[in-house]
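Peer 1: First the structure, which I've put down as structure tokens, then a few questions once you've had a look.
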Amino acid sequence: MSGNELRKKFLDFFASKNHLVLSSFPLVPENDPSLLLIGAGMAPFKPFFTGKMKPPHVRISTSQKCVRTGDIENVGRTARHHTFFEMLGNFSFGDYFKKEAITWAWEFLTEHLQMPEDKLWVTIHPKDNEAFAIWRNDIGIPEERIIRMEDNFWEIGPGPCGPCSEIYIDLGDERGCGKDNCGVGCNCDRFLEIWNLVFTQYDRDEDGNYTPLAKKNIDTGAGLERIASVLQNKNSNFETDLLFPIIEHTAKVAGIVYGQSAKTDVSLKVIADHGRSMAVMIGDGILPSNEGRGYVLRRIIRRAVRHGRLMGIEKTFLVDIVDVVTGIFAQAWPDFAEKGEYIKKVIRQEEERFQTTLAQGMELLNGHIERLAQTGGKVLDGAVAFQLYDTFGFPWELTLEILAEHNLELDKQAFDRAMNEQRERARAARQANEERVIIPDLSGLNTEQFIRDESTTQANIVLLWKDGKVVEEVHDDDNVAIILDVTPFYAESGGQVGDSGLFTGPLGKVEIMTAKKLPDGTIYHLGRVSEGTLKTGDTVSTEIDWKKRSHITRNHTATHLLQAALRKVLGDHVNQAGSMVTPERLRFDFTHFAPVTQEQLAEVEMLVNREVLANNQVEKMETTQDKAKEMGATALFGEKYGDIVRVVRIADFSKELCGGSHVASTGEIGIFKISSEAGIGSGVRRIEAVTGFGALEYINSRETLLLTAANLLKTRPEEILPRLDGVLNSVKELEHELALLKTKLAKGEVQNLLDKVQTIQNVRVVIGAVAVNDADGLRSVADMIREQLGSGVVGLSAVIGDKVNFVVMATKDVIARGIHAGNIVKAAASAAGGGGGGRPDMAQAGAKQPEKAGVALEAMLNIIKQQLG
Ligand code: SER
């Protein structure tokens, strides 16, 4: 039975059981960001299982294209692993359940495919006694051939899942590993899983919680290639008519015979598997790139190229496999063959690109492998793997696989580090590229014919350049500049930033960051190739990021209204001195010689908003320079316009010469809000403002600020002002109280010290330590003591922070007796590791060793004694 017959038989069988037969869904999941690629028959039906959407029928059957790369290393080494395969499935959405699923699977296998009953084994989830009973009692399988297995639970990312029951066929001793414990679930090729019946009864969320579904479902999956291998009596899936034609073709190209060497057989099988994957993936719209699905595709193509090399194929060969693949699927998917030429182009690009670097890369890698062998090393430096990736295009997984063939490992962390550094460099380069573009010699180019036309949606690439050099083609991740024969993009000018968007060519895509103008006015686009390849001459569709543009136009028209309003409120001396219109905000610099008052700003804002709400049409007309002047249009100082100029007029309110992008009528601006006003130079002021969603965001953020403040003050926003008044008043009161308290404390200290007054040579002396917050406090305590003493000398210390401060004061009469405050303080400070000095009547000092404060006070006393001596 051919693969095609088997597929048809399966679908016909389930059609006879009242299933709606649908054709395979594309490999790229629709509306399911949790999946990179469709990897199971049930994947496109997730919303039907969870009940989020109503299915077209409660029973559906498909043969679904699937790609899985988790087992890619096993491909070609076992009889059954693939990256691409077809999964036959029957699904019940809240309709039939275990009994029918099991009965029909058995009926199809044993009656319609005539598989020998005694060779079939089944597995069930350990707790699933219901399934056990059906298998044993209704189907009649002997108990010893029903195996309970812990991992019989099926799920694919978040979504519907449940316990499952699998059907295996025993292919006989000769296919086994011979080990004693070989049995169902063994990794060898003897017991082949041919069908998985999933009893979908849970919904798993992102956090791993399982919620029972309202209705029970059935999801089954049977590998088409595996069943074909059984029916066609082949040793592996690769020898069935679904893959073997590719092996035969490739063996011929390589000049070898299949089945003669285990090593070349693996390569032939890898190429057969990967050949189908790449063709189907590209057919479903995936292009090679360094990210996501594109990276999966790239890895598969490059892996296949390497296996071609391993068999000695030096030329490009994958391209020719495409016809064989489309031939295999001609019956299943009639329109696949039509995409053949396109698929070939994509593969040729990628294959040629990798072939030029594969040999050099292998040389480099082999050198390192030899060196490791000599030194007994086990791990390849991640930087080398990165060089292989970056310079020679080796997916890191490929390097890892080649290393594994030599029992070596890869320092993946170092690779990741190098990769992150490169991403950072690329990001910086892109930014630099945008800021300072190196323009190549374009003197040979007749740029006059290149035009701007906003209605354009398709254009031809006239010129590409990269790193300041003209190139014929660019590839994914390249930072490029592009000139088109016609472009709808607005190029940065008149303060308005350039448009962003996307160019899609036949074999690649470029994300456009911005558009700029060459000195002669020719527009060029700066971007990054996100997938595939683009060439000079390619026709591309040109898609502007209209959302960004709509923000820009709102801000641009608002800038005109702002200028007119400023003139009305501040006077005709207001002239534009600069402007910047981005999607986020507008910035307008103007001449004016005094600060703009709050009232004036409010009036300007009100005038602009009045125009916005009047919803006046924004007229754009082309006219001659002189006519425009006659009309009284505002023009920038020093700006040059051609003979024909464009006037943008908004009712009687504003008239400006301007080539920029504007809304159709002012109502689109929504709302205009000034966010700041400031002087930026003599006679020049700057206003920043926001419109539309930007204004909404601004107002919302202000409101959040208010709410947060109200929360902090434990009140409602309406009550903030009286509340704040109250808070400020009580702060004032507290400060007053605090001051009184401080004075009281200080007086207490003063009294304490006065109690300890000593008399030396008839002079009253007060020495002591006080607790104060700062040097001022220290001084005022000393002042008070001096006053109370009337005649005498006072020397104090205080530890403030991590320092110690000293102050000494003396009355006039004791100075006459020889007392010198400056010298006393000096002695004290130097005892505590500091220095200082001052006048005879008053001196202060600080020192760094507060622990020496006591010693310092003794020093004070000693020197006072000396001075009086
Ligand atoms: N979803 C299950 C599987 O892929 C049955 O279709 O094995």
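Peer 1: Restricting to the stretch 78-87, what's the tally of residues that are within 16 Å of the ligand (Cβ to nearest atom), open to solvent by less than 20 Å² (accessible area, probe 1.4 Å) and of a type in the set (A, V, I, L, M)?
Peer 2: Of the residues in the stretch 78-87, 0 are within 16 Å of the ligand (Cβ to nearest atom), open to solvent by less than 20 Å² (accessible area, probe 1.4 Å) and of a type in the set (A, V, I, L, M).
Peer 1: Would you check which residues across the stretch 649-706 are assigned to a strand (DSSP E or B), at pLDDT below 95 and among the hydrophobic types (A, V, I, L, M, F, W, C) and list them?
Peer 2: Within the stretch 649-706, LEU657, ALA678, ILE680, VAL684 qualify.
Peer 1: Identify, from the list THR375, THR391, the residue that is more than 21 Å from ALA359 (Cα to Cα), among the hydroxyl-bearing types (Ser, Thr, Tyr) and open to solvent by 50 Å² or more (accessible area, probe 1.4 Å).
Peer 2: Numbers: THR391 fails: more than 21 Å from ALA359 (Cα to Cα).
When all the criteria are applied, what remains is THR375.
Peer 1: What are the pairs, 6+ residues apart or on separate chains, where a residue within the stretch 81-103 that is at positive phi has its Cβ under 8 Å from a residue that is away from the ligand (no atom under 14 Å from the Cβ) and outside any strand (DSSP E or B)?
Peer 2: GLY94/GLY51; GLY94/VAL58
Peer 1: Quick one: is GLY494 out of contact with any strand residue (DSSP E or B) (no Cβ under 7 Å at 6 or more places or on another chain) and within 28 Å of GLU668 (Cα to Cα)?
Peer 2: Yes.
Peer 1: To continue, here is another question. Give the residue, chosen from GLU733, GLU787, that is over 60 Å from the mean Cα position of the chain (by Cα), open to solvent by 50 Å² or more (accessible area, probe 1.4 Å), of a type outside the set (Phe, Trp, Tyr) and farther than 20 Å from ALA853 by Cα. Before you say what the answer is, go through the steps one by one.
Peer 2: Details: GLU733 fails: over 60 Å from the mean Cα position of the chain (by Cα).
On inspection, the qualifying residue turns out to be GLU787.
Peer 1: What are the residue pairs meeting all of these: first residue in the stretch 440-457, first residue modelled with pLDDT of 90 or more, second residue open to solvent by 90 Å² or more (accessible area, probe 1.4 Å), Cβ atoms under 9 Å, and 6 or more apart or on different chains?
Peer 2: Partner pairs satisfying both residue conditions: THR457/GLU543.
Peer 1: In this structure, is LEU365 crowded, with 21+ Cβ neighbours inside 10 Å and either within 24 Å of LYS252 (Cβ to Cβ) or in contact (Cβ under 8 Å) with a residue 40 or more places away in the chain (or both)?
Peer 2: no
Peer 1: Right, another one. Which fully enclosed strands (runs of 3 or more DSSP E) of the stretch 433-480 have 3 or more residues being open to solvent by 30 Å² or more (accessible area, probe 1.4 Å) and touching a strand residue (DSSP E or B) at 6+ places or on another chain (Cβ under 9 Å)? Can you show your working first?
Peer 2: Details: elements: 458-466, 469-471, 473-475.
Those strands (runs of 3 or more DSSP E) span 458-466.
Peer 1: To continue, here is another question. Here are some residues: GLY340, GLY312, GLY308. Which one is under 22 Å from SER63 (Cα atoms) and either open to solvent by less than 50 Å² (accessible area, probe 1.4 Å) or touching a Gly at 6+ places or on another chain (Cβ under 8 Å) (or both)?
Peer 2: Exactly one residue qualifies, and that residue is GLY340.
Peer 1: Which residue is farthest from ARG430 (Cα to Cα), if the candidates are limited to the stretch 481-499 and must be among the polar types (S, T, N, Q) and open to solvent by less than 20 Å² (accessible area, probe 1.4 Å)?
Peer 2: THR487
Peer 1: Looking at LEU518, LEU507, LEU502, LEU526, can you tell me which residue is touching a residue at least 60 places away in the same chain (Cβ under 8 Å), more than 30 Å from ARG610 (Cβ to Cβ) and within 24 Å of the chain's Cα centre (by Cα)? Before the answer, list the steps.
Peer 2: Values: LEU518 fails: within 24 Å of the chain's Cα centre (by Cα); LEU507 fails: within 24 Å of the chain's Cα centre (by Cα); LEU502 fails: touching a residue at least 60 places away in the same chain (Cβ under 8 Å).
Result: LEU526 is the single residue among LEU518, LEU507, LEU502, LEU526 that is touching a residue at least 60 places away in the same chain (Cβ under 8 Å), more than 30 Å from ARG610 (Cβ to Cβ) and within 24 Å of the chain's Cα centre (by Cα).
Peer 1: For the stretch 24-77, which residues satisfy the criterion of being within 30 Å of ALA262 (Cβ to Cβ), more than 16 Å from the ligand (Cβ to nearest atom) and open to solvent by 20 Å² or more (accessible area, probe 1.4 Å)?
Peer 2: Within the stretch 24-77, GLU73, ASN74, ARG77 meet the criteria.
Peer 1: Tally time: how many residues in the stretch 109-133 are assigned to a helix (DSSP H, G or I) and either buried (at least 20 other Cβ atoms within 10 Å of the Cβ) or of a type in the set (Phe, Trp, Tyr) (or both)? Let's see the steps before the verdict.
Peer 2: Here is the first cut: in the stretch 109-133, the residues assigned to a helix (DSSP H, G or I) are 109-112, 117-119, 129-133.
Now restrict to residues that are either buried (at least 20 other Cβ atoms within 10 Å of the Cβ) or of a type in the set (Phe, Trp, Tyr) (or both): 109, 131-132.
Count: 3.
Peer 1: So if I check each of VAL807, VAL814, which one is closer than 30 Å to LEU741 by Cα, more than 60 Å from the chain's Cα centre (by Cα) and open to solvent by less than 40 Å² (accessible area, probe 1.4 Å)? Talk me through it step by step, then tell me what you get.
Peer 2: On the way: VAL814 fails: closer than 30 Å to LEU741 by Cα.
The conditions single out VAL807.
Peer 1: What do you reckon, is ARG145 buried (at least 18 other Cβ atoms within 10 Å of the Cβ), away from the ligand (no atom under 16 Å from the Cβ) and among the charged types (D, E, K, R)?
Peer 2: It is true that ARG145 is buried (at least 18 other Cβ atoms within 10 Å of the Cβ), away from the ligand (no atom under 16 Å from the Cβ) and among the charged types (D, E, K, R).
Peer 1: OK, next. Taking the condition farther than 21 Å from GLN866 by Cβ and open to solvent by 10 Å² or more (accessible area, probe 1.4 Å), does ALA746 pass?
Peer 2: So ALA746 fits the description; yes.
Peer 1: Another one. Could you pull out the residue among VAL612, VAL596 that is open to solvent by less than 20 Å² (accessible area, probe 1.4 Å) and part of a helix (DSSP H, G or I)?
Peer 2: Details: VAL596 fails: part of a helix (DSSP H, G or I).
Sole residue among the options that is open to solvent by less than 20 Å² (accessible area, probe 1.4 Å) and part of a helix (DSSP H, G or I): VAL612.
Peer 1: List the residue pairs whose Cβ atoms are under 6 Å apart, where the first residue sits in the stretch 836-857 and is within 24 Å of ALA816 (Cα to Cα) and in contact (Cβ under 8 Å) with a residue 12 or more places away in the chain, the second is polar (S, T, N, Q) and not in a helix (DSSP H, G or I), and the two are 6 or more positions apart or on different chains.
Peer 2: LEU857/SER797
Residues are listed down the side, and each one gets a yes or a no for (1) open to solvent by 30 Å² or more (accessible area, probe 1.4 Å); (2) in contact with a helix residue (DSSP H, G or I) (Cβ under 9 Å, 6 or more places away or on another chain); (3) farther than 21 Å from GLU117 by Cβ:
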{"position": "ILE169", "(1), (2), (3)": "no, yes, no"}
{"position": "GLY172", "(1), (2), (3)": "no, yes, no"}
{"position": "CYS177", "(1), (2), (3)": "yes, no, yes"}
{"position": "GLY185", "(1), (2), (3)": "yes, no, no"}
{"position": "CYS188", "(1), (2), (3)": "no, yes, yes"}
{"position": "TYR202", "(1), (2), (3)": "yes, no, yes"}
{"position": "ASP205", "(1), (2), (3)": "yes, no, yes"}
{"position": "ASN209", "(1), (2), (3)": "yes, no, yes"}
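Peer 1: ALA272 fails exactly one of the following numbered conditions: (1) surrounded by fewer than 24 Cβ atoms within 10 Å (Cβ to Cβ); (2) within 42 Å of the chain's Cα centre (by Cα). What is the number of that condition?
Peer 2: (1)
The values are calculated or read from the model by the stated rules, or taken from the named source; none is laboratory data. The model shown is predicted, which means the values in this text are computed figures rather than measured ones. Neighbour counts run over all protein chains shown; Cβ positions are idealised from the backbone, glycine included. Each accessible area value is taken on the protein alone, full model and side chains, heavy atoms only, with ligands, DNA and RNA left out. Shrake-Rupley method; radii C 1.70, N 1.55, O 1.52, S 1.80 Å.
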